[in-house]
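> Okay, here's the structure, questions in a sec.
The values are calculated or read from the model by the stated rules, or taken from the named source; none is laboratory data. In this text, all values refer to a predicted model and were calculated from it rather than measured experimentally. Here Cβ is always computed from backbone atoms with ideal geometry, including for glycine, and neighbour counts include all displayed protein chains.
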Amino acid sequence: MNAAKYVLTAAIGFFFAIALTEGGWMKAVAQTTEPSRFPSGIRGLANGQDEPPSRRWLLDARDDEERFRRLQIYAGGTDQQMWQIGYRYEEVYQAIADEEWELGTHHWGKLRNVFNVALMKRPNRTPYAETLFLDDAWQLLAAALEAGDATAARETFLKERQACVACHVAEGFGFINSTRMFEGTAVFPEN
């Protein structure tokens, strides 16, 4: 794309947004001219600052207490960490299946770090999680990956998988065990 087309495209994008209509056709619509307001789904935002809402959502807060409250809302519970854990879990599984030991070691180490961030947010789960995942069991899989021991890595991974399944049930999230991620990692393909 030449520079003139790029500038024109950027300018059009600045003044218009693309929207899908009911029939599935796209049409250009003008940007909103409505005044900024706080989302109704988060209570207390208007009480936490003196000015109307702006792009400075954190800096506009009246004080550090409100800023920290907003950061806590932004950081959320453990859903983002569990999403990343799930991604890395599948990557570890695939690395073991492909005997890509360095890749598996990388993701297994990152998974542990993310898991600890999740536990920081939900400290009541720490004792159970450390016992099931992060103490001896985690180290066993880490050692198998480091050694490139396919048999030990597969067996230990499947034990960790069972720990995940048991933890989900214990925490009231057993429905997660019916996802493709857990169904697809129940066994390793034959070599």
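> Arg62: surrounded by 12 or more Cβ atoms within 10 Å (Cβ to Cβ), charged (D, E, K, R) and assigned to a helix (DSSP H, G or I), yes or no?
Considered against the rule, which asks whether it is surrounded by 12 or more Cβ atoms within 10 Å (Cβ to Cβ), charged (D, E, K, R) and assigned to a helix (DSSP H, G or I), Arg62 comes out as no.
> Quick one: Glu130 ticks every box in (1) among the acidic types (Asp, Glu); (2) at pLDDT 95 or above; (3) surrounded by 16 or more Cβ atoms within 10 Å (Cβ to Cβ) except a single one, so which number is it?
(2)
> Looking for whichever is in contact with a Gly (Cβ under 8 Å, 6 or more places away or on another chain), surrounded by fewer than 16 Cβ atoms within 10 Å (Cβ to Cβ), assigned by TED's automatic domain parsing to the domain that holds Gln162 and farther than 18 Å from Ile85 by Cβ here; the options are Glu146, Glu99. Which one fits?
Result: Glu99 is the single residue among Glu146, Glu99 that is in contact with a Gly (Cβ under 8 Å, 6 or more places away or on another chain), surrounded by fewer than 16 Cβ atoms within 10 Å (Cβ to Cβ), assigned by TED's automatic domain parsing to the domain that holds Gln162 and farther than 18 Å from Ile85 by Cβ.
> Would you check which residues across region 71-94 are touching a residue at least 24 places away in the same chain (Cβ under 8 Å) and part of a helix (DSSP H, G or I) and list them?
Of everything in region 71-94, those that are touching a residue at least 24 places away in the same chain (Cβ under 8 Å) and part of a helix (DSSP H, G or I) turn out to be Ile73, Ala75, Gln81, Met82, Gln84, Ile85, Gly86, Arg88, Tyr89, Glu90, Val92, Tyr93.
> On to the next question. Filter region 118-132 down to residues that are out of contact with any Leu (no Cβ under 9 Å at 6 or more places or on another chain) and assigned to a helix (DSSP H, G or I), then give me how many there are.
Final tally of qualifying residues: 9.
> Go over the candidates Leu145, Leu111 one by one and state the one that is part of a helix (DSSP H, G or I) and under 25 Å from Glu190 (Cβ atoms).
Leu145
> For region 133-142, which positions are part of a helix (DSSP H, G or I) and either surrounded by fewer than 16 Cβ atoms within 10 Å (Cβ to Cβ) or among the aliphatic types (A, V, I, L, M) (or both)?
Of everything in region 133-142, those that are part of a helix (DSSP H, G or I) and either surrounded by fewer than 16 Cβ atoms within 10 Å (Cβ to Cβ) or among the aliphatic types (A, V, I, L, M) (or both) turn out to be Leu134, Asp136, Ala137, Gln139, Leu140, Leu141, Ala142.
Rundown of residues vs (1) more than 18 Å from Leu103 (Cβ to Cβ); (2) among the charged types (D, E, K, R); (3) touching a helix residue (DSSP H, G or I) at 6+ places or on another chain (Cβ under 7 Å), yes/no style:
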site	(1), (2), (3)
Leu134	yes, no, yes
Trp138	no, no, yes
Gly148	no, no, yes
Thr151	yes, no, no
Gln162	yes, no, no
Phe175	yes, no, no
Phe188	no, no, yes
